[in-house]
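The values are calculated or read from the model by the stated rules, or taken from the named source; none is laboratory data. Just so it is clear, the model here is predicted, and its values are computed rather than measured. All Cβ positions, glycine included, derive from the backbone under ideal geometry; neighbour counts span all protein chains shown.
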Amino acid sequence: MEGVAAVLQRLAQRRDSLGIVWLGQASVALAGSGRIVLIDPFLSPHPDRLIPPMVAPEELTAVDLVLVTHEHWDHLDGPTCSAIARAAPKVRFGCPEPIVDQLVALGIDRERVRGMRPGQVEDVADVRIWPVAAMHGLHAADAYRFGEVEGVPRFLGYVVELAGVRLYHAGDTIVYAGLAETVRALRPQVALLPINGRDWYREQLDIVGNLDVREAAHLAADIGVELLIPLHYDMFAANLADPGALVRYVHERTLPVHVLALRPGKPVLVQPVGREDR
């Protein structure tokens with residue numbers, strides 16, 4: 001059976017579509033137009049994982065860019081990032097400006113790390129990126145803020161353009177005033193949104209929550225994307241959600257968006273649409 005690393009290298013050769021491979025939790029691999037991008041690669045073993053790592057980071061020798069949304073260990077996986085930096089000589093990293101030093105502390109050369117902030121457009125490894133503020137928290141006690149350091153958010157999502165497709169990966173976030181308008185102006189075709197929600201009981205375990213099914217459905221519709229891919233619902237028993245509930249919610253309310261629940265490790269292809277049609 002063809003492994004994930006080989007699949008990504010094959011997908012990267014395509015010029016007519018973007019390959020998307022979900023790796024569990026918020027981890028996503030994108031490939032097309034000669035480039036491979038990883039977002040929040042969480043590939044380390046953990047005793048509580050319900051989905052095993054899809055690929056060893058040492059196999060990812062052809063990765064061009066790793067984007068990190070924030071510093072929680074299931075998003076900024078230090079051993080994985082370090083191993084990819086060693087294995088892939090051309091890889092570059094992007095992260096919120098306030099956590100650049102955390103990647104450098106992993107042994108990654110500072111020249112390979114690009115600090116990002118909302119309002120700026122970044123071009124890294126021939127990939128265009130629009131950082132978008134996310135509302136999250138390091139702990140439940142200080143949650144649902146931007147975590148600003150000298151005015152710069154430490155939690156981000158990203159709109160990424162690759163192979164003619166614009167895709168919004170929200171990172172960990174809830175809805176806040178202006179989020180839909182900000183992302184809609186960038187005209188993404190696909191949204192990858194967390195659906196695990198939040199509640200008092202999980203916050204007592206210091207689990208900072210995210211969008212729930214209802215919020216993800218309406219945010220995707222408000223953004224105007226064609227395709228909604230749910231994330232962050234499968235990995236830990238204390239933090240699960242039902243993607244089927246998302247499908248039902250969208251269907252019952254006839255929201256103008258398609259939902260695709262991916263199988264971990266199995267690629268899908270998305271073809272670009274003309275920006276004038278969006």
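The number of residues in the stretch 63-83 being surrounded by 19 or more Cβ atoms within 10 Å (Cβ to Cβ) and more than 17 Å from the chain's Cα centre (by Cα) comes to 1. Checking each residue in the stretch 22-62 for being within 18 Å of the chain's Cα centre (by Cα), assigned to a loop (DSSP other than H, G, I, E, B) and of a type in the set (Gly, Ala, Ser) picks out Gly24, Ala26, Ser27, Ser44. Determine, yes or no, whether Gly78 is more than 20 Å from Ala31 (Cβ to Cβ) and modelled with pLDDT of 95 or more. Taking the combined requirement at face value, the residue satisfies it.
Of all residues in the stretch 143-178, those being surrounded by fewer than 21 Cβ atoms within 10 Å (Cβ to Cβ) and of a type in the set (Phe, Trp, Tyr) number 3. Is the stretch 131-142 home to any residue that is more than 27 Å from Ile36 (Cβ to Cβ), at pLDDT 95 or above and in contact with a strand residue (DSSP E or B) (Cβ under 9 Å, 6 or more places away or on another chain)? Scanning the stretch 131-142, I find at least one residue that is more than 27 Å from Ile36 (Cβ to Cβ), at pLDDT 95 or above and in contact with a strand residue (DSSP E or B) (Cβ under 9 Å, 6 or more places away or on another chain), so the answer is yes.
Of all residue pairs spaced 6 or more apart or on separate chains, none has beta-carbon atoms under 6 Å together with a first member in the stretch 88-106 that is over 21 Å from His72 (Cβ atoms) and a second member that is among the aromatic types (Phe, Trp, Tyr) and in a helix (DSSP H, G or I).
Does Val55 fit the bill of being without any contact (Cβ under 8 Å) to a residue 40 or more places away in the chain, of a type outside the set (Gly, Ala, Ser) and buried (at least 16 other Cβ atoms within 10 Å of the Cβ)?
Values: without any contact (Cβ under 8 Å) to a residue 40 or more places away in the chain: no; of a type outside the set (Gly, Ala, Ser): yes; buried (at least 16 other Cβ atoms within 10 Å of the Cβ): yes.
It is false that Val55 is without any contact (Cβ under 8 Å) to a residue 40 or more places away in the chain, of a type outside the set (Gly, Ala, Ser) and buried (at least 16 other Cβ atoms within 10 Å of the Cβ).
If you go through the stretch 1-51 and pick out every residue that is among the aromatic types (Phe, Trp, Tyr) and surrounded by fewer than 24 Cβ atoms within 10 Å (Cβ to Cβ), you end up with 1.
Among strands (runs of 3 or more DSSP E) entirely within the stretch 180-278, having at least 1 residues that are in contact (Cβ under 8 Å) with a residue 12 or more places away in the chain and in contact with a helix residue (DSSP H, G or I) (Cβ under 7 Å, 6 or more places away or on another chain) singles out 190-194, 227-231. Filtering the stretch 204-251 to residues that are surrounded by 21 or more Cβ atoms within 10 Å (Cβ to Cβ) and at positive phi leaves only His232.
For the stretch 93-112, taking the residues that are assigned to a helix (DSSP H, G or I) and not acidic (Asp, Glu), the one that is surrounded by the most Cβ atoms within 10 Å (Cβ to Cβ) is identified as Leu103. Quick check: anything in the stretch 118-129 surrounded by fewer than 17 Cβ atoms within 10 Å (Cβ to Cβ), in contact with a Pro (Cβ under 6 Å, 6 or more places away or on another chain) and either assigned to a loop (DSSP other than H, G, I, E, B) or in contact (Cβ under 8 Å) with a residue 12 or more places away in the chain (or both)? Yes: one or more hits. When the residues of the stretch 179-193 are narrowed to those that are more than 9 Å from the chain's Cα centre (by Cα) and closer than 17 Å to Pro243 by Cα, which ends up surrounded by the fewest Cβ atoms within 10 Å (Cβ to Cβ)? Across the stretch 179-193, the extreme among qualifying residues is Val190.
Out of all the residues in the stretch 252-266, is one or more surrounded by fewer than 19 Cβ atoms within 10 Å (Cβ to Cβ) and touching a Pro at 6+ places or on another chain (Cβ under 6 Å)? Yes, the stretch 252-266 contains at least one residue that is surrounded by fewer than 19 Cβ atoms within 10 Å (Cβ to Cβ) and touching a Pro at 6+ places or on another chain (Cβ under 6 Å).
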